1. Residue check, residue A:450 against (1) part of a helix (DSSP H, G or I); (2) at pLDDT 90 or above, all met but one. Which one?
2. Among the helices (runs of 4 or more DSSP H) lying completely within region A:117-217, list those that include at least 3 residues that are within 21 Å of the chain's Cα centre (by Cα).
3. Taking region B:28-62 on its own, how many of its residues are crowded, with 22+ Cβ neighbours inside 10 Å and part of a helix (DSSP H, G or I)?
4. Could you give me the residue pairs with C-beta distances under 9 Å whose first residue belongs to region B:363-388 and is more than 9 Å from chain A (Cβ to nearest Cβ), whose second residue is of a type in the set (Lys, Arg) and open to solvent by 20 Å² or more (accessible area, probe 1.4 Å) wherever it lies, and which are 6+ apart or on separate chains?
5. Report those helices (runs of 4 or more DSSP H) wholly inside region A:286-399 carrying at least 3 residues which are surrounded by fewer than 18 Cβ atoms within 10 Å (Cβ to Cβ).
6. Every residue in region A:427-455 that is over 30 Å from residue A:269 (Cβ atoms) and open to solvent by 40 Å² or more (accessible area, probe 1.4 Å), please.
7. Could you list, in sequence order, the residues of region A:248-283 that are closer than 26 Å to residue A:222 by Cα, surrounded by 17 or more Cβ atoms within 10 Å (Cβ to Cβ) and hydrophobic (A, V, I, L, M, F, W, C)?
8. For the list (1) open to solvent by 10 Å² or more (accessible area, probe 1.4 Å); (2) in contact with a strand residue (DSSP E or B) (Cβ under 9 Å, 6 or more places away or on another chain); (3) not hydrophobic (A, V, I, L, M, F, W, C), I need the number of the one condition that residue B:65 fails.
Amino acid sequence: MKTLILLLLLAGCSTGDKRTAATAPKPKTLADSINLDVTEAKLPNGMTALIVPNNKLPIFSLYLFYKVGGKNEVPGITGASHFLEHMMFKGTKKFGKNSLDFIIEGSGGSTNAYTTNDQTVYYENLPSGQLGTILDIEADRLANLNLDEDEFNKERAVVLEERKMRYENSPRGQLYLAMVQSLFKDTPYGSAVIGEIPDLKSVTRDQIHQYFKRFYAPNNLTLVLVGDVDTAKAQAMVKQKFGGIPASPTVDEAHAELTEEKFQSRVRADQVVNKKGESPSPIFMLAYPTYKVGHAKGYALDVLSSILGSGKSSTLINEYALIKKPVATSVYAAHQQLEKAGFFFIGGELVRGVKLEDFRRDLKKKLAGYCETEVTDKNIQKIKNNYLVDLYAGLDTNAGLAQFLGDRQTLFEDWRFYKTELELYEKVTVEDVRAACHETFKKPSVFVSVWNKHK
Amino acid sequence: MKYLAMSFLFLVGLAQAKPTFLDSVQRLKWDDLEVVWIEDDKFPRFTASIFFQDGALSDPMAGLTQATFDQFTAGTSKETQRQLAEFFDFYGANLKHTVTHEYSVLSIQALTKDIKPVMGKVCEIFKDAKFPEDELNSYVSRSRSHLKNLVTSHSALADRIFRSLSLEGTIYAKPVEGSLESFGRFTSKLLKDRLAQLNKTKKILYLSGPAGVKEMRDVLRKDCQWSHEARATAGPLKKPEPESVIYLADVPGDANQAQIRIGRYLTYDEIKGKSDQFQFLSTFLGGGFTSKLVQELRVKRGLTYSAGAYVSMQRDYGRAGIITFSKNETAAEAISIIRDVFQEVGAGVVTPQEFEHQQGHLIGGYAFGFEETTAFLGQIMQYDHQGRDLEELVNFPQTIKKMTPATLSQADLEVYPWDRMTILVLGDKSLAKSLSRIRPVKLIRYEDYL
């Protein structure tokens, strides 16, 4: 997950403010300016609930973040978190087989879920008046999930189709998978979250049930509710529905076993990985290991990734795409930070006829130079301005705010960490970004490409 | 606090809300420019969507309008592409465009305090865009290469081919995005001329943001100096008669999954006054996890990961379709099930529970269309374009509530008559054998549709 970030350091592009420096009040920092009205409740069984009222429309969004994902799986049960995510929609003791979607959609709501390396997130957007029902559903599937054997096997086929859609029939999926498999080989981040095909075919209902019992527990759950709700009543309902569900005695131990050392990239020298796939032009990714989410240097690398590969004025686009004889049809850079490790990557698609190896060498050669020429005060200011606009867009809906808070509570164990993040971004300097840039591009990298001409 | 000024209406119930709902939409006239504004001061930013009553139908070659907008910031007499990009990126201003056959939209999103410089620059480009040859050649080269590589996304490739097949014989057959053939014919002069036409075309500004957005009026008047000539609707529309075959587009490699597209083109007479009925039909068939097709294909049989239905309506025509995929072994079965669902719904084999469930789905979900002001404005834009009264939007829940199973069956019979469906399967050519049990199979080359 790339953390959502922002900064209000807009003095450099302000044209509307006519106040002079002498009369202007002391400018607030962004951390001072963004104050979210969050009520936090911690239940005795370890569950965290965050509630933000917003009565502008008669709707609300409910997000449940379970701290379990690909990182918690071991060979033999890869894909268990995602498979379980599918099974969570199959019914509960109280609500019966395949009834959850009907209850939610029948009242005008929508629901879905996603699984990442670090967490599994369930969400619903519903009209007001449905809060009691949806809390009942979420509590019941946590306490009494119906893992029916027939449904389990039917869903196995669906998951296998999803895997084919995302990877076997998608060169871009193959590229991303090959990159993480190489960069994080022999670590829990080194496989597809959706799971390896042999495991998906062999995993049993009982294995998934054991997995469920260990990780699906109130002491591994953050609930976030944003929208047209009465905070006090909502809090009472959450306590009533979830308060009686027992904590998992082993989940903390499971998390403790996952030390950061186990997730660090083992790449010790530059690697080039050629994958044969149905892409007539080469598509590529160049990746470097970086830091886990929240690491101070990560903020500088976020800024660097935007300078190099985000927006039409960014470096790589102007170096390789927006030129007289383009080398690439698209090129981008991103910094992805997971709970235990991170990676910086540059990707894109080459124009037909461009020599892949020449491009790879040229790109690698130029990267260190960019640390000096492209990391400037003006570029950093530009990126900070863009982050602000992106933040506004991200917080515009109940769902956006719920996700923002839930991510921070799950990853940092404190939703207020956004204030720290804002301060860290505000403090990012040219020197910080240059230092992070040089350090990163000196590390061993993985260059992966997918092309139909590879053997 | 004016954030979504119209929002409180929901608190008193939709039935009593009508007058307030419409009051939240301000229709203004800034000189010759029509403006639709919803005040929204949740954040100090604005979105200005400039609607041009002209789109790809006016293109002498496929993709010209799209290229004109794609290359909008490629350079003026004073500034290079890079300088323009630096300018907009520095302000955090986001420019996006959409081109359809019937209309085009350029949307600009930025911070309210930057209205003057950002919109001033947009106007400057409208007056002075040069579409430099070097930038245009680079764009053409990238576009060609990208299109040749479209096979990396089977879903996107299937969408493109299906669009072409189902619209064959109509004036909408030329792809909005352009083609390998048309890219080579673009010149700077053609793009400049196209922009000059758009400068004169009738425009409507759909605007959201705080009261400060009114500053934009002076900028547009002084710097853009647009005129607003209404453009004529295109000529008579043909009604294509699709071949009774399954088109099978073979893709290279060992594709083990088949993309399936089923649907057809709808004429003006077929869509006129039917928007809400067809939206209900789409929701019923493929508008969520509980829709008929997802239940039949995924939940009961595990044949696919997703299935969706749509009836998209423009002012003068519409398109209806089903989008899904399945493993090779079950692609034919999936198509047969879709056919059976069409026929059952058309015959009225729908339980009261199924019917009422989807009524509840649409009515209950109505408020979500207003959560983001830009989404609300997008709805108004579509209503305006199609000449629909906003009262219809206000009355939507009541309209859905009044529908009966017979309305649904009738809509299904009108939209999805099986013998008039265009069917495309994109995947491995070995599928031909199983598919031929449904209809004769016609092999096509995907390259012919690029």
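The values are calculated or read from the model by the stated rules, or taken from the named source; none is laboratory data. The shown structure was predicted, so the numbers you read here are calculated from the model rather than taken from an experiment. Virtual Cβ from ideal backbone geometry, glycine too; neighbours counted across all protein chains shown. These area figures cover heavy atoms from the full protein model, side chains too; ligands, DNA and RNA do not enter into them. Shrake-Rupley method; radii C 1.70, N 1.55, O 1.52, S 1.80 Å.
1. (1)
2. A:149-163, A:171-183
3. Here the count works out to 1.
4. Note: pairs meeting the criteria are B:382/B:388; B:385/B:315; B:386/B:315; B:387/B:315.
5. Working: elements: A:296-309, A:356-373, A:377-394.
By residue number, A:356-373, A:377-394.
6. A:427, A:429
7. Of everything in region A:248-283, those that are closer than 26 Å to residue A:222 by Cα, surrounded by 17 or more Cβ atoms within 10 Å (Cβ to Cβ) and hydrophobic (A, V, I, L, M, F, W, C) turn out to be A:251, A:263.
8. (1)
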